[in-house]
Amino acid sequence: MQRYFVDASARDGQRFRLGKEEAHHIMNVMRMEAGDEILVLDGSGLFRCRLVSLSKSEAIAEIEESLESDTELPVRVTIAHGLPKGDKIELVAQKGTELGMSSLLIFEAARSVSKWDAKKVPKKLERVQKIVKEAAEQSYRVQLPEVDYVTYDEVLKAASDYTACLIAYEETAKAGERSVFAETLETLKPGDSLLVVIGPEGGLTEGEVERLMQAGFRAAALGRRILRTETAPFYVLSAVSYQFELKG
């Protein structure tokens, strides 16, 4: 059954008002009509709904029942990613959402080759958020991951909001360190939160790493190999999924 994420404001009693984009998808892509059923998520839950009216500008769906869902990672994982080149951040947003990422913080690192013009940030974020929304619907997520463009200092300040904070640092991998990430996962429990900082293509500078460690982050290797910047988030999320969903 097709899923649609909406803002909490879209709910009016026992009905949801879906916007023009969703109405277009329902009518022209899914070829649905009044009487058909869809799933709607508003951040508070998952609802099976029946379409009561459709037009080019909106769709009205009435709640039939509230459903239980267990598709979110037991540990809330935030990826703070140094802005990479090209459209790599879009790949991170899409696949990270599929793998259970709870939020994505994009920041301009010292070695970020790409720069986002301040005037274009809202439009770029809107595109990334659209990719996240589509990925969340496809992967049966219940919560829509948050996306924000922040400063490096804001990443540092965010440390106090998490149970554990790590830096994906290639120099520790080169030195043979392989235990910090595993140890961290062993100490976490369902309901906890994890913040992982990942640098751009050139990695984080020693100064950036030092400031992160002073803020309470621990440097960790992600296996014995050096990963591309866009691969590292998927390693982290897959490991968390294994630890809390598959390991038993």
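The values are calculated or read from the model by the stated rules, or taken from the named source; none is laboratory data. All figures in this text were calculated on a predicted structure; none of them were measured in a lab. With ideal geometry, Cβ positions are generated from the backbone for all residues, glycine too; neighbour counts draw on all protein chains shown.
Of 29, 92, 77, 40, all but one fail to be of a type in the set (A, V, I, L, M) and surrounded by fewer than 16 Cβ atoms within 10 Å (Cβ to Cβ); the exception is 29.
Taken over region 67-85, the criterion of being part of a strand (DSSP E or B) and closer than 19 Å to residue 139 by Cα is satisfied by 67, 76, 77, 78, 79. How many residues are over 17 Å from residue 185 (Cβ atoms), among the aliphatic types (A, V, I, L, M) and out of contact with any helix residue (DSSP H, G or I) (no Cβ under 8 Å at 6 or more places or on another chain) if we restrict to region 210-248? Qualifying residue count, region 210-248: 1. Taking into account only those residues within region 196-227 that are touching a residue at least 24 places away in the same chain (Cβ under 8 Å) and of a type in the set (D, E, K, R), which is surrounded by the most Cβ atoms within 10 Å (Cβ to Cβ)? The residue in question is 208. Would you be able to say whether some residue in region 134-150 is part of a helix (DSSP H, G or I) and either in contact with a Leu (Cβ under 6 Å, 6 or more places away or on another chain) or not assigned by TED's automatic domain parsing to the domain that holds residue 167 (or both)? Yes; the residues of region 134-150 include at least one that is part of a helix (DSSP H, G or I) and either in contact with a Leu (Cβ under 6 Å, 6 or more places away or on another chain) or not assigned by TED's automatic domain parsing to the domain that holds residue 167 (or both). The residue that is farthest from the chain's Cα centre (by Cα), counting only those in region 228-243 that are farther than 18 Å from residue 113 by Cβ and either modelled with pLDDT under 95 or among the aliphatic types (A, V, I, L, M) (or both), is 239. So which residues in region 157-188 are assigned to a loop (DSSP other than H, G, I, E, B), closer than 18 Å to residue 244 by Cβ and touching a helix residue (DSSP H, G or I) at 6+ places or on another chain (Cβ under 9 Å)? Result: 163, 188. Taking region 189-245 as the range and being under 14 Å from residue 156 (Cα atoms) and in a helix (DSSP H, G or I) as the test, the residues that pass are 207, 208, 209, 210, 211, 212, 213, 214.
Does region 100-129 hold any residues that are in contact with a strand residue (DSSP E or B) (Cβ under 9 Å, 6 or more places away or on another chain) and aliphatic (A, V, I, L, M), and which are they? Residues satisfying the conditions are 101, 104, 105, 106, 109, 110, 121, 125, 128.
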